[in-house]
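Before any comments, here is the structure.
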Ligand SMILES: Nc1nc2c(c(=O)[nH]1)N[C@H]1C(S)=C(S)[C@@H](COP(=O)(O)O)O[C@H]1N2
Ligand SMILES: [Mo]
């Protein structure tokens with residue numbers, strides 16, 4: 001996996017894990033300190049993941065920014081991956097009308113549920129950022145994303161104090177049976193680079209890359225960046241959503257916190 005940044009070779013996952021465990025030991029973190037006592041591999045990975053999240057937040061800060069690149073570094077082709085042309089009836093129908101009937105619903109633990117049209121989202125104050133996308137399968141691409149900051153939309157809806165996660169519901173099914181979905185915590189949701197992108201490289205999002213709207217969570221791996229959004233819900237926990245692990249790939253074994 002390419003992990004190079006302008007500041008030098010970045011960490012491999014293994015190095016990050018080692019560093020995380022050392023850092024955690026140095027900081028005297030508790031809770032995952034019984035790793036030697038014959039814990040199962042799954043438990044070990046679970047602990048390592050928590051340490052990864054905690055270490056990133058401790059060492060880099062809640063507000064640390066992902067690297068942004070100059071326009072000259074934009075990849076000529078931003079490879080579409082995963083679902084590239086959703087076949088669900090809902091998506092086919094909405095795409096046929098150029099998404100004029102599509103609405104993004106924002107609901108769950110909010111004061112004012114919202115239904116936002118693409119026109120509304122396109123005319124909201126937006127942020128543009130050029131970032132590198134890293135897929136767990138081992139490829140990267142640099143693209144320019146534009147769209148409203150998720151935090152602005154959440155503020156508009158008024159997040160209830162009991163909300164702990166934002167869940168993203170998608171219109172595609174990789175296996176023909178389960179909707180793709182993802183989730184992030186409130187720190188990630190209100191991060192200044194977390195966008196609902198409607199444009200890639202200055203053009204409306206192509207179908208391959210998630211039209212009409214997709215999530216950008218720049219400090220995490222590609223699978224967190226839900227494409228083909230239809231709704232967002234604020235929840236206290238995600239135990240009762242599909243497999244209960246917080247995402248389509250998480251339900252199939254990937255880690256929930258996919259920090260780069
Ligand atoms: N709805 C949906 N979102 C998705 C996926 C998908 O299959 N369906 N694949 C994920 C993965 S693994 C990656 S790497 C990125 C790919 O984004 P891209 O198609 O713009 O390259 O989208 C992520 N978001
Ligand atoms: Mo990916």
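Each value in this text was obtained by applying a stated rule to the coordinates, not by laboratory testing. It should be emphasised that the depicted structure is a prediction, and the values quoted were computed from it without experimental measurement. When we count neighbours, we look across all protein chains shown, and the Cβ atoms used for this are built from the backbone with ideal geometry, even at glycine.
Need the full-extension length gain, residue 162 to residue 119, defined as separation in residues times 0.36 nm minus the C-alpha distance. One decimal, nm.
12.4 nm
Taking R0 as 22 Å, what FRET efficiency do you get between residue 60 and residue 128 from their Cβ-Cβ distance, rounded to the nearest 0.05?
Working: r = 23 Å, r/R0 = 1.04.
Between residue 60 and residue 128 the formula returns 0.45.
Test of understanding: ordering 215, 53 by Cβ neighbours within 10 Å, fewest first, what list do you get?
The most exposed by this proxy come first: 53, 215.
Rg over Rh of region 66-194, using C-alpha atoms and the Kirkwood radius, what does it come to?
Computed over Cα atoms, the ratio is 0.96.
For region 179-260, which semi-axes, largest first and in whole Å, follow from the square roots of 5 times the eigenvalues of its Cα gyration tensor?
Gyration-tensor ellipsoid for region 179-260: 21, 14, 12 Å.
Over the Cα atoms of region 49-120, how large are the radius of gyration and the largest Cα-Cα distance (Dmax), in Å?
When restricted to the Cα atoms of region 49-120, Rg and Dmax are 19.0, 47 Å.
Starting from the 7 Å offset along Cα-to-Cβ, what nm value, one decimal, do you get for the label separation of residue 100 and residue 139?
It works out to 3.5 nm between the two label points.
Distance from a point 7 Å along Cα→Cβ of residue 90 to each backbone N in region 172-202: keep the residues under 15 Å and list them by number.
Once the point is set 7 Å along Cα→Cβ of residue 90, 172-182 turn out to lie under 15 Å by backbone N, inside region 172-202.
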